[in-house]
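Read the structure below first, then the notes.
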Amino acid sequence: MADNQKKHDPAKKAPKIQAVSRMKEIMTNYYIDAKTAREQGKKVAWITSGGPVEPLIAMDVIPVYPENHGAMIGASKMGAQLCEKAEEMGYSRDLCSYARADIADSVQKTGPIGGLPEPDMLVCCNNICGTVLKWYETAARYYKVPLFILDTPFVHTEFSDSARKYVLSQIYEYIAFLETHCGTKMNYDRMEEVGRLSVEGTGLWQAVLDTCAHRPAPMTAFDAFFHLALIVTLRGTRTAVDYYRQLLDELNQRIADGVSMVPDEKYRLLWDNLPVWYKTRWLSEKFAAHDAALVADTYTSAWSGMLPDMGGQTFLEAMAETYTKVYINISIDRMFDIVANMIEKYQVDGMVMHSNRSCKPYSLGQYDLRQMIMDRLGVPTLIIEADMVDERAFSESQIDTRIDAFMETLKS
Amino acid sequence: MTSAERFRSIWRDPAGYGRSVKQETGRSILGFFCSYAPVELIYAAGVLPFRLFGTRGEISLADTHLQSYCCSLVRGGLEDALKGNLDFLDGAVFPHTCDSIQRLSDIWRLNAGFVHHFDAVLPVKLNTESARQYMIDVLSGFCRELETAFGKQIRDADINAAICEYNQIRKQLKALYAIRSQNPGLFEPSAVHWIMTAAMVMEPAAFLREITAFLDQIRSSAGAAAQTGRKRLMLAGGICTHPDVYDLLARAGADLVWDDLCTGARYFEGAIAEDTKDPVAAVADRYLSRSVCPAKHADITARGRHLVDAARQQGADGVIFLQLKFCDPHAFDYPYLKQFLDEAQIPSLLIEIEDQPPPGGQLLTRLETFVDML
Ligand code: SF4
Ligand code: SF4
């Protein structure tokens with residue numbers, strides 16, 4: 001450990017965010033609800049994290065997110081064991097660890113919640129990657145349930161009119177799919193109401209993240225990784241709206257009281273890519289020991305990027321474009337524009353990129369992105385090679401040294 | 001030079017061939033990586049479509065753009081572009097396939113410095129009417145972009161002519177595969193691989209002449225050769241650019257009789273309707289009906305059934321999966337494909353290929369063990 005790096009001083013720790021306990025309660029209830037869906041006569045749909053959940057909520061189907069489950073597996077440090085199991089089943093070690101861990105847990109049911117509730121149907125939106133397409137095909141074969149694919153063409157240089165038309169017609173196909181498999185008709189008034197709640201919740205989530213534009217930041221990206229769960233899983237519900245309002249009030253209060261998450265915040269960093277779920281505590285303390293706060297990240301803000309530009313459209317119409325243009329469904333140069341914006345908005349001194357071997361659409365291209373950020377904005381950037389769930393891909397001593405060296409250059 | 005020798009020399013140095021075409025004819029050449037690149041439309045624009053296979057040499061320049069966990073096709077392709085090995089290309093087209101190719105397109109557009117760059121963001125889903133309509137829209141849009149880039153109007157008649165020419169090629173390749181399946185002893189182990197490589201880079205008319213001559217000659221000698229009595233194998237996977245594999249298979253005492261590779265049978269499967277009023281739709285329909293690539297979605301068990309059917313039809317005793325390391329779409333399908341084969345009692349073996357194939361001796365032992373077990 002470098003000399004000028006302070007030992008972690010628990011006495012100087014910022015007060016915990018109070019809303020955390022409410023969040024845990026909501027998530028527990030949500031999973032109990034999902035696990036007892038059959039008894040309640042409700043259907044369960046598995047859906048990808050970037051998928052349009054609103055129609056499910058409007059149809060009273062319980063959405064379940066295998067990726068959120070993957071994150072829980074990672075945070076509970078069960079990733080390596082489950083990934084190994086998947087490898088025994090024939091899935092290559094080079095595949096996404098969310099998919100591997102989840103596929104293995106479908107069979108083994110030894111994960112943090114004893115296996116996800118089984119799906120009645122599957123909804124896969126490929127706006128995040130091609131992995132989910134293959135993963136959901138696997139699930140469809142395993143559970144023998146219907147699969148709906150919402151195909152959102154990648155946006156290299158433009159979001160074309162034909163893509164818009166294609167996605168919009170699929171949104172109606174999606175609703176027809178739900179109507180068939182639920183045996184009820186969509187109530188479009190309810191749909192618009194869910195849409196309004198979704199927009200409101202997403203706006204509040206953005207406001208929560210925006211509190212970190214304040215210097216010092218009342219929370220860090222590590223907190224955002226935790227509080228993200230609701231905007232992913234319960235987007236479009238009153239619960240999510242109420243929760244984020246509560247969280248926002250608390251963060252604003254912290255700002256008013258001068259409370260910062262990193263006690264002596266001096267350096268402000270931007271995180272890129274998924275969290276390293278099994279090392280969030282370690283990384284958070286590591287950066288805090290350098291007086292560095294991760295004030296923003298491209299990952300949790302991907303969901304606030306889903307805030308549609310309604311412009312007189314119905315929610316369903318707005319959804320087509322919004323869901324297609326999410327952060328990782330766009331080209332590197334478009335990503336750069338977003339990152340450059342964040343660097344300015346959050347007054348960032350440096351960037352930390354997690355080169356995540358699980359996630360090719362997020363990680364390939366990072367080298368070019370880094371070069372653009374350094375050349376055009378002069379912002380120093382560190383790359384950490386790891387994986388979000390599979391601990392075997394994390395070399396602690398090497399990363400420790402690299403972070404120290406990076407922080408030294410920032411300080412000099 | 002005999003046809004066989006010509007194929008072999010083009011296989012040995014496809015870029016050398018591309019460069020000679022450029023020098024001799026001055027025509028525009030467009031590179032592509034994937035069997036979803038609509039070669040008929042490119043050709044109808046007066047441009048030669050030229051398949052890229054990735055470098056066989058060392059990787060140095062691509063390392064500053066791509067992490068180590070990226071397949072050798074993407075890395076090798078970028079390396080070739082950055083090194084100037086593809087200086088005869090006017091640009092490249094990237095049909096949407098996998099996550100890695102998707103990012104390669106960005107990196108290529110920002111760094112490779114070609115005059116033209118096309119993204120054909122095809123649908124991933126191939127089994128709905130709206131996907132079909134979108135596919136047609138994308139292909140029509142691509143035609144318009146080609147017209148602007150190369151200054152030649154693409155008429156329906158041009159597309160129909162290209163369709164006929166490529167259908168002829170597909171027909172001949174299919175005949176080639178059928179002859180090999182009946183009489184594998186007639187061919188050198190890598191001969192079909194050389195031909196397939198040539199088919200994907202050569203001027204269509206020139207290739208058609210050579211393949212026709214080659215087939216005539218093979219047919220005339222067909223009477224002489226008899227069944228070899230060796231084990232019959234099939235290859236399955238994406239792309240195979242390692243000819244060693246063919247020689248090793250032969251040395252292990254087996255005949256390669258068929259494949260399910262995108263640089264193999266998937267390239268020539270499915271003819272396109274000729275002389276239709278809407279030739280772009282006809283091109284789209286081939287993609288929608290042909291056996292699906294794992295990066296696309298149609299029926300979720302179609303690939304498994306297709307593989308088992310092909311193995312049965314060709315009387316294959318076993319299947320070898322050639323898996324390019326870090327190729328997600330194929331790696332995701334492997335367990336289920338293997339299960340389908342297991343259920344049909346067709347033995348299979350998985351070989352993972354990194355930038356370089358596994359050491360020859362070790363691979364040979366694995367292949368021999370597998371063949372002995374059949
Ligand atoms: S981590 Fe990446 S590859 Fe895995 S499911 Fe998420 S977006 Fe897809
Ligand atoms: S499909 Fe596989 S082999 Fe082809 S480019 Fe993608 S990862 Fe590479």
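Measuring from centroid to centroid over Cα atoms, what is the spacing of region A:332-349 and region B:300-339 in Å?
Region A:332-349 and region B:300-339 have Cα centres spaced 43 Å from each other.
Based on the Cα gyration tensor of region A:59-106, what are the three equivalent ellipsoid semi-axes, each the root of five times an eigenvalue, rounded to whole Å and given largest first?
Its equivalent ellipsoid spans semi-axes of 21, 12, 8 Å.
Please compute the contact order of region B:184-326 in relative form: average sequence separation of alpha-carbon pairs under 8 Å and at least six residues apart, divided by the residue count, as a percent.
Worked out over region B:184-326, it gives 29 percent.
When a/c reaches 1.5 or more, the comparison of a/b and b/c decides; with that in mind, is the protein assembly as shown rounded, prolate or oblate per its Cα gyration tensor?
Prolate.
Under the classification rounded if a/c is under 1.5, otherwise prolate if a/b is larger than b/c and oblate if not, where does region B:283-374 fall, given a ≥ b ≥ c as square roots of the Cα gyration tensor eigenvalues?
Verdict is oblate for region B:283-374.
Extension gain A:Lys77-A:Arg392, at 0.36 nm per residue separation less the Cα-Cα distance, in nm?
Additional length available on full extension: 112.3 nm.
Please give every one of the aspartates and glutamates within straight-line cross-link reach of A:Lys43, meaning a C-alpha to C-alpha distance under 16 Å, and leave out same-chain neighbours fewer than 8 residues apart.
A:Asp33, A:Glu54, A:Asp60, A:Glu118, A:Asp120, A:Glu179
Given a Förster radius of 22 Å and the C-beta distance between A:Gln108 and A:Tyr143 as r, what FRET efficiency does 1/(1 + (r/R0)^6) yield to the nearest 0.05?
Rounded to the nearest 0.05, the efficiency is 0.90.
Which of A:Thr239, A:Ala86, A:Phe177 sits farthest toward the positive end of the charge dipole of region A:18-411, with +1 on the Cβ of Lys and Arg and -1 on the Cβ of Asp and Glu?
The residue sitting farthest along the positive end of the dipole is A:Ala86.
Suppose every Lys and Arg Cβ carries +1 and every Asp and Glu Cβ carries -1, with no other charges. What dipole size does region A:303-412 come out with about its Cα centre, to the nearest 20 debye?
Rounded to the nearest 20 debye, it is 140 debye.
What's the angle, to the nearest 10 degrees (0 to 90), between helix A:396-411's Cα axis and the longest principal axis of chain A?
60
What does the charge count near A:Leu274 come to, summing +1 for each Lys or Arg and -1 for each Asp or Glu among other residues with Cβ under 13 Å from its Cβ?
Counting the neighbours of A:Leu274, the net charge comes to -2.
Can you find, among B:Leu307, B:Pro123, B:Leu374, the residue sitting farthest towards the positive end of the charge dipole of chain B, where Lys and Arg contribute +1 and Asp and Glu -1 at Cβ?
Final value for the positive-end residue is B:Leu374.
Classify region B:58-166: rounded, prolate or oblate, from the alpha-carbon gyration tensor (a ≥ b ≥ c, eigenvalue square roots; a/c under 1.5 rounded; otherwise prolate if a/b is larger than b/c)?
oblate
Farthest toward the dipole's positive end in region A:18-411, which of A:Thr322, A:Val262, A:Asn29, given Cβ charges of +1 (Lys, Arg) and -1 (Asp, Glu) about the Cα centre?
Positive-end residue among those listed: A:Asn29.
Given the DSSP H assignment, sum -39500 (n - 2.57) over each helix run of at least 4 residues in the protein assembly as shown and divide by its residue total; what's the result at 222 nm in deg cm²/dmol, nearest 500?
-16500 deg cm²/dmol
Stretched out fully, how many nm does the piece from B:Met1 to B:Ser221 gain, at 0.36 nm a residue minus the Cα gap?
77.3 nm
So what is the relative contact order for region A:18-411, in percent, with contacts set as C-alpha pairs under 8 Å and at least six apart?
Relative CO of region A:18-411 lands at 19 percent.
Could you derive backbone 3J(HN,Hα) for region B:259-276 from the dihedral phi with the Karplus parameters 6.51, -1.76 and 1.60 (θ = phi - 60°), listing whole Hz in sequence and x where the residue is Gly or Pro?
Along region B:259-276, the couplings run 8, 10, 10, 6, 9, x, 4, 5, 6, 10, 5, x, 8, 9, 4, 9, 6, 8 Hz.
Taking the Cα centre of chain B as the origin, how large is its charge dipole in debye, to the nearest 20, when only Lys and Arg (+1) and Asp and Glu (-1) carry charge on their Cβ atoms?
The calculated dipole for chain B is roughly 460 debye.
About the Cα centre of the protein assembly as shown, what is the dipole size in debye to 20, counting +1 per Lys and Arg Cβ and -1 per Asp and Glu Cβ, all else neutral?
Around 760 debye, computed over the protein assembly as shown.
In the structure shown, do any of A:Lys42/A:Lys134; A:Lys360/B:Lys125; A:Lys77/A:Lys134; B:Lys125/B:Lys325 have a Cα-Cα gap over 29 Å, and if so which?
Where the Cα-Cα span goes over 29 Å, no listed pair is concerned, since all stay within it.
Where does chain B land on Rg(C-alpha)/(2.2 N^0.38 Å)?
This ratio for chain B stands at 0.96.
How long are the semi-axes of the ellipsoid equivalent to region A:18-411, from square roots of 5 times the Cα gyration tensor eigenvalues, in whole Å, largest first?
Calculated on Cα positions only, the semi-axes equal 32, 24, 21 Å.
We did not get these values from a lab; they are worked out from the coordinates using the rules stated. Quantities reported herein were computed from a predicted structural model and do not represent experimental measurements. Because the Cβ atoms are built from the backbone with ideal geometry, glycine has one as well, and the counts that use them run over all protein chains shown.
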